[in-house]
Amino acid sequence: MEKFAPVKRSGDGQPVRYLIVDDSVFARKNLAQMVEAFGGQVIGEAADGVSAITEYDRLNPDIVLMDITMPQMEGIEAAEKIVREHPSARIVMVSSVGYQENIVAALQRGARHFVQKPVKAEVLYEVIKYVMRDDQAAAHSAGAGA
Amino acid sequence: MRMELIQPFINSADAVLAQGLASPIVIENLAMEEEAYRRKGLAAEVCLTGDIEGRIIFDADQKAATAFASHLSGTELSDTHELVREAVCELANQIIGNAVTVLNDQGFHFRVHPPTFHTSEQGSKTSEDTEALVMCFNTERGNVFMNVALRYQRRRALERTVAAG
């Protein structure tokens, strides 16, 4: 995998903390490897939407990478429930099913972005930087106000 | 089974396998089959429901499955590693998801169910309605077989015909 400049949290310079949600162990491992290459830290994993909600409440990650097609509760519904409770949650949908209706539904329910599988590391990296931009803006404004 | 349904699956398999196995792909032995499916290696099955219904089986020989899992996990895995089996399901998920994306954007609406590992030696026999198209993707790292048995859901097909006038 190519080298990536680490993406850090602007406020404290710590690694970005990820929750990875996918019913495939293989996909979770693959995504974990990518986010670690971006300097991130995987703090939790879940295999379905119900566990994703529980894990989000418990861990409060900086970013959630969420599959769509999963048993028990699908990713879009889980994203909606997480964002309802945590409006600032940053959820990136990662799915092989990338048709327009799905993308629009995910974004309307609070997801910040969508990445289609098979995931290319360079694409995910740009999305992570984009999604973390509000963290940088918050850090800048906090710095300006200090 | 009409080619407009099949072509997105072929294109998607070609693209995902080429990326996942880092190998050129040659499609061989394209044929219709009414006989029951016989598993060849590690297989995953994905069901579709909606305007189009049926199932697709992806069956990778051991060499291809291990190569795919090793390539994407970035480490050399043994044939018996549990991730190899998982990788076949993920491979099916990615290929079918990408194909479904194309079909959905063409106006077909359906639901993709999560892949399940296909353990039995033999699948159910197909019928005239759902005869299966089978093909082999030959790669430098082994063979992957795709068995597609889909049909238009009759009511939706009728509505479509009426709407078309």
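All of the numbers you see were taken from the coordinates with simple rules; none came from a lab. Keep in mind the model is a prediction, meaning the values are calculated, not measured. When we count neighbours, we look across all protein chains shown, and the Cβ atoms used for this are built from the backbone with ideal geometry, even at glycine.
Jot down the radius of gyration and Dmax of region B:1-110, Cα atoms only, both in angstrom.
When restricted to the Cα atoms of region B:1-110, Rg and Dmax are 14.5, 42 Å.
Ignoring everything except DSSP H segments at least 4 long, calculate the 222 nm mean residue ellipticity for the protein assembly as shown; use -39,500 (n - 2.57) per segment, divide by total residues, nearest 500.
-14000 deg cm²/dmol
What ranking do B:69-78, A:69-78, B:51-60 get when scored by the average of other Cβ atoms within 10 Å per residue, highest first?
B:51-60, A:69-78, B:69-78
Mind giving me the FRET efficiency for B:ALA31 and A:LYS3? R0 is 51 Å, r the Cβ-Cβ distance, nearest 0.05 is fine.
About 0.65, to the nearest 0.05.
To the nearest Å, what is the center-to-center distance of region A:8-75 and region B:10-60, using C-alpha atoms only?
Result: 29 Å between the Cα centres.
Compute the long axis of helix B:82-105 from its Cα atoms, compare it with the longest principal axis of the Cα atoms of chain B, and write down the angle in degrees, 0 to 90, nearest 10.
30
Taking the convex hull of the Cα atoms, report for the protein assembly as shown its projected area averaged over all directions, in nm².
Its average projected convex-hull area is 17.9 nm².
If you average the sequence gap of Cα pairs under 8 Å that are 6 or more apart and divide by the length of chain A, what percent do you get for the contact order?
21
Just the Cα atoms of chain A: what Rg and Dmax do they give in Å?
Looking at chain A, its Cα Rg and Dmax stand at 14.5, 47 Å.
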